[in-house]
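Below is one structure, written out as structure tokens; the observations come after it.
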């Protein structure tokens with residue numbers, strides 16, 4: 001039996017819970033924010049590990065970023081990945097998804113003979129939902145986005161795509177790139193044994209040169225002007241009168257808003 | 001010694017915190033109310049290897065260091081002090097690993113380290129607590145058995161333990177002065193569970209009395225075997241404290257952190273005189289002092305753990321950590337109530353539970369006064 005080779009791509013992001021909006025100019029304060037594996041990417045890693053448990057597979061955890069992001073590999077490996085690949089590139093701190101996808105696709109080719117690439121549907125920070133499909137384009141593989149369920153039978157992948165207006169069932173042959181939603185699974189919390197064991201698993205650190213990419217060719221075409229905290233204005237309606245009357249007014253208002 | 005945790009330990013903290021907030025915190029209030037032992041949570045903790053962190057892999061543990069355990073116990077206790085107490089205090093596990101024979105380790109240590117069973121550590125008696133040498137329980141050899149007589153009190157995990165490690169005198173053994181430890185299984189004839197205490201806190205952790213009346217156990221159930229174990233119980237019990245006190249300090253740090261978190265949250269949203277009370281200097285200073293004392297307690301605890309992990313003596317530092325962290329937890333929980341005002345005195349907020357739980361920690365595993373005695377001996381020497 002040929003063992004599947006599955007790559008779980010992930011982004012190391014600032015924990016949005018730790019972000020603070022400065023009251024004056026609404027700029028974001030990130031100095032106290034911890035880093036984490038992006039939420040949906042955790043689902044991608046978990047799904048890869050479930051495939052391993054069910055069908056037998058080698059799971060590669062892959063990420064690209066500045067030197068500080070290497071610390072994330074232990075977390076990814078503790079979650080059940082077998083090997084880590086870290087593409088170290090300082091300029092990636094502000095990279096756009098097009099650049100990230102190009103680098104990840106090259107790394108996937110370098111890992112070699114991969115059958116399946118799993119990504120989160122979008123990152124917890126910018127939620128651009130670009131990397132997965134773009135990686136597929138670079139690899140020349142089909143892409144299945146927003147998968148809420150996947151099944152492997154032989155070399156055939158069946159996926160349920162969770163779309164705004166319904167569920168789409170698709171079937172395709174591997175290799176493929178799949179982006180997963182948060183509904184696909186509940187990521188397990190690693191045990192102490194897995195956390196300790198993660199330090200003993202192999203990690204390869206590669207540079208752009210190792211992937212045959214000239215450093216000058218990763219310049220981002222995306223320019224971030226500024227990032228500000230969103231302000232949601234509350235409607236501040238107060239429904240007065242007795243309870244029956246107030247509830248009736250509330251329901252009418254909610255219907256009018258299209259909320260119910 | 002580094003004053004900054006390595007990334008491995010930080011990842012450990014982050015992971016355990018996620019587990020504790022998701023699985024353990026939502027149950028803390030209900031456990032305090034019902035007093036039911038949380039078997040399901042113990043099972044979940046076991047799945048994450050929280051019951052055998054420092055036990056060697058070959059005996060069902062994960063061979064982690066004491067610093068890892070300190071961090072894990074702290075994070076679990078922050079969310080749910082009773083579960084922290086259950087995974088943190090495991091004198092029987094420590095004694096079995098230090099002195100147990102190979103057979104005893106395989107039979108009794110492995111299920112404890114894997115969290116399949118709970119164990120009791122039974123030293124305290126009505127007239128012997130801080131003064132452990134006053135133990136009256138006896139073990140007398142009779143053919144191929146030991147016959148145990150006496151009683152124990154304030155024993156943690158009473159009734160839920162599968163095995164009890166009981167410390168007793170052996171008056172008929174010539175030349176043996178010290179106490180010996182005996183492994184007694186729960187359904188052994190002659191062993192009965194007495195009354196369970198109604199305690200101020202830690203309601204879901206049963207504490208009670210054990211009674212032994214001509215309780216016969218096999219000769220090989222002396223911890224460490226006849227040759228190595230006879231008269232060595234007290235020695236191994238004291239040695240286990242180097243680790244146990246770090247764990248109690250960690251439970252205390254968890255409660256202190258929970259108190260600080262709750263106080264900060266409340267102080268930021270509660271308004272008096274037109275502004276959040278956190279902006280009143282007196283309240284802000286309470287918060288500053290809580291945070292500072294907690295940080296000092298944590299530094300002492302991590303240092304005592306790091307010394308242990310480096311194979312160095314940590315008796316003084318473990319006593320300092322236990323003493324200071326326990327008193328800090330009580331103080332922080334008390335300030336937490338004060339900051340909450342009248343609400344802090346009600347069961348609508350967790351502050352009063354923090355204080356009731358914390359209060360045990362200046363007594364259990366050696367009182368504050370005993371810790372000071374230990375520390376003073378080191379200082380005066």
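The values are calculated or read from the model by the stated rules, or taken from the named source; none is laboratory data. All figures in this text were calculated on a predicted structure; none of them were measured in a lab. Ideal geometry is used to build each Cβ from the backbone, glycine not excepted, and the neighbour counts take in all protein chains shown.
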Problem set entry | Verdict on residue B:102 being without any contact (Cβ under 8 Å) to a residue 12 or more places away in the chain, farther than 22 Å from residue B:35 by Cα and within 11 Å of chain A (Cβ to nearest Cβ) | no
Exercise. Restricting segment B:59-99 to residues that are within 14 Å of another protein chain (Cβ to nearest Cβ) and part of a loop (DSSP other than H, G, I, E, B), which is surrounded by the fewest Cβ atoms within 10 Å (Cβ to Cβ)?
Worked result: B:63
Seminar exercise, completed: Picking from B:305, B:267, the residue that is touching a residue at least 40 places away in the same chain (Cβ under 8 Å), under 27 Å from residue B:5 (Cβ atoms) and surrounded by 16 or more Cβ atoms within 10 Å (Cβ to Cβ) would be B:305
Exercise. What residue, of B:168, B:134, is free of Cβ contacts under 8 Å to residues at least 24 places away in the same chain, closer than 25 Å to residue B:197 by Cα and touching a strand residue (DSSP E or B) at 6+ places or on another chain (Cβ under 9 Å)?
Worked result: B:134
For this session: Answer yes if at least one residue in segment B:11-23 is over 19 Å from residue B:247 (Cβ atoms), more than 12 Å from chain A (Cβ to nearest Cβ) and more than 18 Å from the chain's Cα centre (by Cα), and no otherwise.
Result: no
Exercise. Does segment A:33-85 hold any residues that are assigned to a loop (DSSP other than H, G, I, E, B) and away from chain B (no Cβ under 14 Å), and which are they?
Worked result: A:38, A:56, A:66, A:81, A:82
For this session: Kindly establish whether residue B:28 is buried (at least 19 other Cβ atoms within 10 Å of the Cβ), away from chain A (no Cβ under 14 Å) and under 20 Å from residue B:118 (Cβ atoms).
Result: yes
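Of A:109, A:102, which residue is part of a helix (DSSP H, G or I), at pLDDT 95 or above and more than 14 Å from every other protein chain (Cβ to nearest Cβ)? Give the steps one after another, and end with the answer.
Details: A:102 fails: at pLDDT 95 or above.
Within the list A:109, A:102, the selection yields A:109.
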Problem set entry | Test set (1) farther than 26 Å from residue B:47 by Cα; (2) touching a residue at least 60 places away in the same chain (Cβ under 8 Å); (3) in a loop (DSSP other than H, G, I, E, B) - residue B:115 fails condition number | (1)
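Each row is one residue, and each column tells you yes or no for (1) over 15 Å from the mean Cα position of the chain (by Cα); (2) crowded, with 17+ Cβ neighbours inside 10 Å; (3) closer than 19 Å to residue A:71 by Cβ.
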| residue | (1), (2), (3) |
| --- | --- |
| A:100 | no, yes, yes |
| A:107 | yes, yes, yes |
| A:119 | no, yes, no |
| A:126 | no, no, no |
| A:134 | no, yes, no |
| A:140 | yes, no, no |
Exercise. Does residue B:36 qualify as being within 13 Å of chain A (Cβ to nearest Cβ) and surrounded by fewer than 21 Cβ atoms within 10 Å (Cβ to Cβ)?
Worked result: no
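From the list B:134, B:70, B:128, B:113, pick out the single residue that is closer than 20 Å to residue B:367 by Cα and at pLDDT 95 or above.
Working: B:134 fails: at pLDDT 95 or above; B:128 fails: at pLDDT 95 or above; B:113 fails: closer than 20 Å to residue B:367 by Cα.
When all the criteria are applied, what remains is B:70.
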For this session: Any chance you could count how many residues in segment B:42-53 are more than 9 Å from chain A (Cβ to nearest Cβ) and surrounded by fewer than 23 Cβ atoms within 10 Å (Cβ to Cβ)?
Result: 4
Exercise. Just checking, which of A:53, A:89 is out of contact with any helix residue (DSSP H, G or I) (no Cβ under 6 Å at 6 or more places or on another chain) and more than 25 Å from residue A:213 (Cα to Cα)?
Worked result: A:53
For this session: Report whether or not residue B:228 is modelled with pLDDT under 95 and within 18 Å of the chain's Cα centre (by Cα).
Result: no
Problem set entry | Residue satisfying condition, being under 30 Å from residue B:54 (Cβ atoms), in contact (Cβ under 8 Å) with a residue 24 or more places away in the chain and surrounded by 10 or more Cβ atoms within 10 Å (Cβ to Cβ), within set A:229, A:197, A:182 | A:197
